[in-house]
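Structure first, commentary second.
What follows is calculated from the coordinates using simple rules that are stated; it is not laboratory data. The structure presented is a predicted model; accordingly, all values stated were derived computationally and were not measured.
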Amino acid sequence: MIKYFDIFAGIGGFRSGLEKAGGFKCVGYCEIDKYAKKAYETLYDT
């Protein structure tokens, strides 16, 4: 299992790809845009 921190997360496109590939675990994320952050939180229950 490879752990990663999702920096400049946007709405989670990178995370989505890694989850589909398998073998990755998101340990945190960072996003400054309030709308993208809300979408990310909604999509990934964070």
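Below are the figures for this structure:
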| item | result |
| --- | --- |
| Computed Kirkwood radius, in angstrom, where 1/r is averaged over Cα pairs of the chain | 10.6 Å |
| Whole-number percent relative contact order across segment 2-44, with pairs defined as alpha carbons under 8 Å at least 6 apart | 49 percent |
| Within the chain, helix-based [θ] at 222 nm, where runs of 4 or more DSSP H residues each add -39,500 (n - 2.57), nearest 500 | -13000 deg cm²/dmol |
